[in-house]
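Trainee: Below you'll find the structure I mean.
The values are calculated or read from the model by the stated rules, or taken from the named source; none is laboratory data. Since we're looking at a predicted model, the values are computed, not measured. We place every Cβ from the backbone using ideal geometry, glycine too, and count neighbours over all the protein chains shown.
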Amino acid sequence: MYNSNRFQTGTALLLALGLTTSAIAPLVVAAPASAQTTFSDVSANYWASGFIQELATRGVIKGFPDGSFRPNDPVTRAQFAAMVRQAFNATQVRNSTSFVDVPTDYWAYSAIQEAYTTGFMTGYPGSIFNPNQSIPRAQVLVSLTSGLKYTSTTSASTVLQVYNDANEIPGYATESIAAATERQLVVNYPDVKYLNPNQTATRAEVAAFIYQALSSTGSASALTSPYIVGQAPQPTQVRIPSGTVIPVKYTKAAKILLAQNEPKPTPLTLTVAQNIVTSKGVVLIPAGSEVVGELRIVQGGAQFVASELVLASGQRYPLGATSEVVTTTETIRKGASLGTVLKDTALGAAAAAGISAVTGDRAIATEEVLAGAGVGALLGLFLGRDKVDLISIRPDTDLSLTLSQDLVLR
């Protein structure tokens, strides 16, 4: 049987949650601390991001020490055997064999033997395996359907009409690729109608194929992608319900200081800190999207009020969301070191004026002051004081947003 246990951890909750036609309940999924699930060269809106992250979470694939994944690198037959071994726990269907080009001390010897004995992979005439040969896309699909024992229920010629380049599919692969197509194992980027069967499979493509194979066995929840061949069109509109929490961060400073008498709201743009996904793993709001809004003085504290969401794709949506009211204060006294006070700190205009007045230092750089009223015009509010109490905000922890109304995305 297939190793569904590898996929149950972290997905049981996802499988228990369903979608409705009126609202999609998002869930921020946390990966095990030991798993690297984000990579420097795989952005949130990269076409294979979901497949890569899911497999990385479960240890089927890994990145490189420099934090990259190298999604466009080719995959060798040995590397593919190693991925298959991690992804599936299939029963043995034939005895092991010896390949003349795979010695027992070869790094992938055990993985190659397991891929062979479980029916996922075979060798070439003359007991050759060619472990360092780049594996083409067609061969990956043949391997997966062979190991999973999938066959097509319709004639291959009929099923394969979905591909504009069906005539390029090797004869040995037609039946297997027809079966893979019926089971939605095939993922074609950038054009879903082109299989490119003889093209070397990349790390991203193999991740997509393997994940779809696992999904087809019920070992992993289904992902939605416009590049999955045969997947039904998804709704053009989704609704994220009121009350959903969106974690955010502020990349320009670790702290923001505001005066309780800031004369006007302080404009601020935050960044979404984590992917907001559905219970099916569909990314609704990618990490890195921007939230435009302003900090307002309310109830003796400060609150961020959002007005617009800007996705990584450039799409913009009205956004009704607010943070909790932050009431933490910090006292700046006469004689304080301006360098210490301003380290990694952004200031509201009145806060900047108050610090200048108390410390006697008028050299606050304009880039340290958030947009608002002119600092000079506010100095008179603080002259003669020996201290000033300011609202101290840690944006990465204090400004998580809660939707005050449903957010509709199209």
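Trainee: Which of the residues belonging to the range 311-361 are over 29 Å from the mean Cα position of the chain (by Cα) and among the basic types (Lys, Arg)?
Mentor: The answer is ARG333, LYS334, LYS343.
Trainee: Where the second residue is surrounded by 11 or more Cβ atoms within 10 Å (Cβ to Cβ) and of a type in the set (Gly, Ala, Ser) and the first is closer than 19 Å to TYR189 by Cβ and assigned by TED's automatic domain parsing to the domain that holds ALA180 and lies in the range 151-167, which pairs have Cβ atoms under 6 Å and are six or more apart or on separate chains?
Mentor: Qualifying pairs under 6 Å: LEU160/ALA166; LEU160/ALA178.
Trainee: Still on this structure, I have one more. Could you please find all residues in the range 248-261 being closer than 18 Å to GLN299 by Cα and either modelled with pLDDT under 85 or of a type in the set (Gly, Ala, Ser) (or both)?
Mentor: Of everything in the range 248-261, those that are closer than 18 Å to GLN299 by Cα and either modelled with pLDDT under 85 or of a type in the set (Gly, Ala, Ser) (or both) turn out to be ALA259, ASN261.
Trainee: Looking for whichever is β-branched (Val, Ile, Thr) and under 24 Å from GLN79 (Cα atoms) here; the options are THR181, THR158. Which one fits?
Mentor: After ruling out the rest, the residue left standing is THR181.
Trainee: Restrict the check to the range 200-207 and report whether at least one residue is modelled with pLDDT of 95 or more and surrounded by fewer than 18 Cβ atoms within 10 Å (Cβ to Cβ).
Mentor: Checked the range 200-207: at least one residue is modelled with pLDDT of 95 or more and surrounded by fewer than 18 Cβ atoms within 10 Å (Cβ to Cβ).
Trainee: Residues GLY147, GLY126: which one is under 15 Å from LEU214 (Cα atoms) and not polar (S, T, N, Q)?
Mentor: Just a single option satisfies the conditions, and that option is GLY147.
Trainee: Sticking with this one: Spot the failing condition for ASN3; the list is (1) closer than 22 Å to MET121 by Cβ; (2) at pLDDT below 90; (3) within 20 Å of the chain's Cα centre (by Cα), and only one is missed.
Mentor: Evaluating ASN3 over (1) closer than 22 Å to MET121 by Cβ; (2) at pLDDT below 90; (3) within 20 Å of the chain's Cα centre (by Cα) leaves (3) as the failure.
Trainee: Scan the strands (runs of 3 or more DSSP E) fully inside the range 281-322 and keep the ones with 1 or more residues being out of contact with any Gly (no Cβ under 7 Å at 6 or more places or on another chain), free of Cβ contacts under 8 Å to residues at least 24 places away in the same chain and polar (S, T, N, Q).
Mentor: Because the criterion is at least 1 residues that are out of contact with any Gly (no Cβ under 7 Å at 6 or more places or on another chain), free of Cβ contacts under 8 Å to residues at least 24 places away in the same chain and polar (S, T, N, Q), the strands (runs of 3 or more DSSP E) in the range 281-322 that meet it are 301-310.
Trainee: From SER216, SER221, which residue is touching a Ser or Thr at 6+ places or on another chain (Cβ under 7 Å), touching a residue at least 40 places away in the same chain (Cβ under 8 Å) and either farther than 21 Å from SER134 by Cα or not assigned by TED's automatic domain parsing to the domain that holds PRO136 (or both)? If you could, list the steps in order and put the result at the bottom.
Mentor: Working: SER216 fails: touching a Ser or Thr at 6+ places or on another chain (Cβ under 7 Å).
Testing whether each residue is touching a Ser or Thr at 6+ places or on another chain (Cβ under 7 Å), touching a residue at least 40 places away in the same chain (Cβ under 8 Å) and either farther than 21 Å from SER134 by Cα or not assigned by TED's automatic domain parsing to the domain that holds PRO136 (or both) leaves just SER221.
Trainee: Against the condition outside any loop (DSSP other than H, G, I, E, B), in contact with a strand residue (DSSP E or B) (Cβ under 7 Å, 6 or more places away or on another chain) and within 20 Å of LEU223 (Cβ to Cβ), how does VAL277 come out, does it pass? Spell out how you get there, then give the answer.
Mentor: On the way: outside any loop (DSSP other than H, G, I, E, B): yes; in contact with a strand residue (DSSP E or B) (Cβ under 7 Å, 6 or more places away or on another chain): yes; within 20 Å of LEU223 (Cβ to Cβ): yes.
Yes.
This table checks each residue for (1) more than 27 Å from THR38 (Cβ to Cβ); (2) in contact with a Phe, Trp or Tyr (Cβ under 8 Å, 6 or more places away or on another chain); (3) in a helix (DSSP H, G or I); (4) assigned by TED's automatic domain parsing to the domain that holds SER43.
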| residue | (1), (2), (3), (4) |
| --- | --- |
| GLN79 | no, no, yes, yes |
| ALA90 | yes, yes, no, yes |
| ARG94 | yes, yes, no, yes |
| SER98 | yes, no, no, yes |
| THR104 | yes, no, no, yes |
| SER110 | yes, no, yes, yes |
| MET121 | yes, yes, no, yes |
| GLY126 | yes, no, no, yes |
| ASN130 | yes, yes, no, yes |
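Trainee: Mind telling me which of the residues ALA312, ALA349 ends up being in the same structural domain as GLY243 (by TED's automatic domain parsing) and either among the β-branched types (Val, Ile, Thr) or closer than 20 Å to ILE391 by Cβ (or both)?
Mentor: Just a single option satisfies the conditions, and that option is ALA349.
Trainee: Taking the condition among the basic types (Lys, Arg), over 19 Å from the mean Cα position of the chain (by Cα) and at pLDDT 50 or above, does ARG77 pass? It would help to see each step written out before you state the result.
Mentor: Numbers: among the basic types (Lys, Arg): yes; over 19 Å from the mean Cα position of the chain (by Cα): yes; at pLDDT 50 or above: yes.
Yes: the conditions hold for ARG77.
Trainee: Surrounded by fewer than 19 Cβ atoms within 10 Å (Cβ to Cβ), in contact with a strand residue (DSSP E or B) (Cβ under 8 Å, 6 or more places away or on another chain) and either modelled with pLDDT of 90 or more or not basic (Lys, Arg) (or both): is that true of GLU330 in this structure?
Mentor: For GLU330, the condition - surrounded by fewer than 19 Cβ atoms within 10 Å (Cβ to Cβ), in contact with a strand residue (DSSP E or B) (Cβ under 8 Å, 6 or more places away or on another chain) and either modelled with pLDDT of 90 or more or not basic (Lys, Arg) (or both) - is met.
Trainee: Please work out which one of (1) in contact with a helix residue (DSSP H, G or I) (Cβ under 8 Å, 6 or more places away or on another chain); (2) farther than 24 Å from GLY288 by Cβ; (3) small (Gly, Ala, Ser) is the condition SER43 fails and give its number.
Mentor: (2)
Trainee: Further, regarding this structure: So is ASN72 modelled with pLDDT of 85 or more, surrounded by fewer than 19 Cβ atoms within 10 Å (Cβ to Cβ) and in contact with a helix residue (DSSP H, G or I) (Cβ under 8 Å, 6 or more places away or on another chain) or not?
Mentor: yes
Trainee: To continue, here is another question. Within the group ILE169, ILE210, ILE128, which residue is farther than 19 Å from ASP73 by Cβ, surrounded by 20 or more Cβ atoms within 10 Å (Cβ to Cβ) and not polar (S, T, N, Q)?
Mentor: ILE169
Conditions (1) under 30 Å from ALA48 (Cα atoms); (2) of a type in the set (D, E, K, R); (3) outside the structural domain of GLU54 (by TED's automatic domain parsing), marked per residue:
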site	(1), (2), (3)
GLU262	no, yes, yes
ALA273	yes, no, yes
ALA287	yes, no, yes
GLU290	yes, yes, yes
ARG296	no, yes, yes
PRO318	yes, no, yes
VAL326	no, no, yes
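Trainee: Taking only pairs six or more apart or across chains, which ones have beta-carbon atoms under 7 Å, a first residue in the range 249-262 that is closer than 12 Å to ARG394 by Cα, and a second residue that is aliphatic (A, V, I, L, M) and in a loop (DSSP other than H, G, I, E, B)?
Mentor: LYS249/ALA273
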